[in-house]
1. If the viscosity is 1.002 mPa s and the temperature 20 °C, what Stokes-Einstein diffusion coefficient in µm²/s follows for segment 16-115 when Rh is the Kirkwood radius over Cα pairs?
2. Quick check for you: which residues of segment 2-45 have the amide N under 12 Å from the point 7 Å beyond the Cα of LYS75 toward its beta carbon?
3. Between ARG84 and ARG8, take the C-beta separation as r, use R0 = 25 Å, and let me know the FRET efficiency to the nearest 0.05.
4. Rounded to the nearest 500 deg cm²/dmol, what is the calculated helix-only ellipticity per residue at 222 nm for the chain, with -39500 (n - 2.57) per DSSP H run of length n ≥ 4?
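Values in this text are rule-based calculations from the coordinates and carry no lab data. Quantities reported herein were computed from a predicted structural model and do not represent experimental measurements. When we count neighbours, we look across all protein chains shown, and the Cβ atoms used for this are built from the backbone with ideal geometry, even at glycine.
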Amino acid sequence: MLNLTINRYTNGPYSNRFFEILEKGKTLPVWQRKQEFLDILERNQIMILVGDMGSGKTTQIPQFELEAGYGVYRKQVACTQPRRVAAMSVSKRVAEEMDVTIGEEVGSASDSRIVLARRQY
Ligand SMILES: Nc1ncnc2c1ncn2[C@@H]1O[C@H](COP(=O)(O)OP(=O)(O)OP(=O)(O)O)[C@@H](O)[C@H]1O
């Protein structure tokens, strides 16, 4: 369950922008099946999720996984993209949505440019 008082990743308060983005994010189709997704993920090693363009697969699913505890004990949630620019753009967007600093809690890596997530949980 998301604690909406303190940002668990920074231990600081959330910005107003966080709540604006969260409300918009909750309207995306993946949010309607969030618990179903997590239940299936828990019971299986591999899961193939198919959804419409813009339904929230890229930006929301990694956050669901982190929230459910998949990113702790030196594990990380990774999201692959076919292009460097897309990888950087997604990591920037997810960092913005999580209200964290890029290079701290969220990073990106490609052949020529690496901005690692410094913090691990
Ligand atoms: N950088 C961004 N700035 C503003 N809104 C964004 C940004 N990236 C994504 N969004 C919003 O988040 C929604 C979900 O995007 P997301 O990339 O998670 O969907 P997706 O299911 O992975 O789409 P696709 O199959 O096209 O990759 C989009 O509809 C868009 O409105």
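1. 148
2. Only 41-45 fall inside the zone, counting backbone N under 12 Å.
3. 0.25
4. -12000 deg cm²/dmol, from helical runs alone.
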